[in-house]
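Working notes for the structure below.
The values are calculated or read from the model by the stated rules, or taken from the named source; none is laboratory data. Here the structure is a predicted model, which means the values were calculated and not measured. Heads up, the Cβs are rebuilt from the backbone with ideal geometry, glycines too, and the neighbour counts pull from every protein chain shown.
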Amino acid sequence: MRIDVVSIFPAYLDALQLSLAGKAQSSGLLQIATHDLREFTRDKHRSVDDTPYGGGAGMVMKAEPWGQALDALTSDEAVVVVPTPSGTPFTQRVAERLSTEQHLVFACGRYEGIDQRVIDEAGTRWRVEEISLGDFVLNGGEVAALAIIEAVVRLIPGFMGNPESLVEESHGTDGLLEYPVYTKPASWRGRDVPEVLLSGHHAAIAAWRREQALERTRQRRPELLD
Ligand code: ADE
């Protein structure tokens with residue numbers, strides 16, 4: 001998979017060189033490149049924003065540099081991902097779908113957003129997805145892009161050392177939150193690991209974990225059970 005990220009603060013994306021995503025890049029499964037939107041400006045001041053038509057607070061990102069950036073970076077088979085609080089919700093299902101793509105281009109907006117014509121025109125040429133990380137507002141798309149990339153990249157076949165750990169985690173196919181987990185020692189500060197986990201009885205352990213997952217989901221995310 002190839003991932004291009006465009007931002008006015010490309011240093012935000014430096015964290016992508018760490019850890020698993022960094023490893024995947026060395027192994028050739030993944031290529032990530034970050035780009036400074038200002039490289040695609042043509043005016044002396046390298047301006048990327050202007051006041052909104054119709055008035056209102058804040059600034060809007062200009063169409064011209066975004067148009068140049070997407071023209072230069074987006075391949076025919078790419079999906080353009082625009083993180084925005086007004087997008088459709090990001091879920092594990094969306095991450096799974098994106099993990100099968102060849103090329104993702106992230107357009108990280110700042111301020112009040114990107115001139116809508118950029119997204120509309122891009123939508124006539126490529127697949128475009130405006131995606132929200134949740135019902136809260138970040139200062140820009142960079143942190144959302146980092147989160148989306150991490151969720152997607154760990155699903156690329158061959159990326160995780162232990163694909164088993166992908167199966168049982170929260171928001172897996174059973175739609176439940178993950179059960180609580182424990183490791184040694186069996187007793188810590190007077191708190192004991194649940195007896196059943198020490199029993200070696202695999203069916204009983206599986207039943208206990210399912211019950212715990214259901215109970216957690218009922219308490220924290222009842223809407224997932226509907
Ligand atoms: N940019 C600003 N807030 C965001 C959010 N909640 N999700 C995705 N991108 C954003």
- Unique match (being within 13 Å of the ligand (Cβ to nearest atom) and at positive phi) among Gly109, Gly134, Gly141: Gly134
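For every residue, the table says whether it meets (1) farther than 15 Å from Gly67 by Cβ; (2) of a type in the set (Phe, Trp, Tyr); (3) assigned to a loop (DSSP other than H, G, I, E, B).
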residue	(1), (2), (3)
Val6	no, no, no
Tyr12	yes, yes, no
Leu16	yes, no, no
Gln25	yes, no, no
Thr34	yes, no, no
Glu39	no, no, no
Lys44	yes, no, yes
Pro52	yes, no, yes
Gly56	yes, no, yes
- Filter result for Ala78 (in the same structural domain as Tyr53 (by TED's automatic domain parsing), crowded, with 20+ Cβ neighbours inside 10 Å, within 15 Å of the ligand (Cβ to nearest atom) and within 22 Å of Pro10 (Cα to Cα)): no
- Being closer than 12 Å to Ile148 by Cβ and assigned to a strand (DSSP E or B), is that true of even one residue in the range 89-97? yes
- Answer yes or no: is there a residue in the range 178-195 that is over 25 Å from Ala24 (Cα atoms), more than 16 Å from the ligand (Cβ to nearest atom) and assigned to a helix (DSSP H, G or I). yes
- Considering (1) over 30 Å from His171 (Cβ atoms); (2) more than 16 Å from the ligand (Cβ to nearest atom); (3) in contact with a Pro (Cβ under 7 Å, 6 or more places away or on another chain), say which one Thr34 fails and leave the rest. (1)
- With the condition kept exactly as written, say whether any residue in the range 150-163 is among the aromatic types (Phe, Trp, Tyr) and within 16 Å of the ligand (Cβ to nearest atom). no
- Task: For the range 158-175, name all the residues that are more than 15 Å from Ala21 (Cβ to Cβ) and at pLDDT 80 or above.
- Result: Asp174, Gly175
- Message: So for the range 119-136 (the condition being surrounded by 14 or more Cβ atoms within 10 Å (Cβ to Cβ), assigned to a loop (DSSP other than H, G, I, E, B) and touching a residue at least 60 places away in the same chain (Cβ under 8 Å)), does at least one residue qualify?
- Response: no
- Message: I need the full set of residues from the range 88-104 which are within 16 Å of the ligand (Cβ to nearest atom), closer than 18 Å to Gly123 by Cβ and surrounded by 17 or more Cβ atoms within 10 Å (Cβ to Cβ), in order please.
- Response: Val94, Leu98, Leu104
- Task: Could you tell me whether any residue of the range 137-149 is in a loop (DSSP other than H, G, I, E, B) and either more than 20 Å from the chain's Cα centre (by Cα) or among the aliphatic types (A, V, I, L, M) (or both)?
- Result: yes
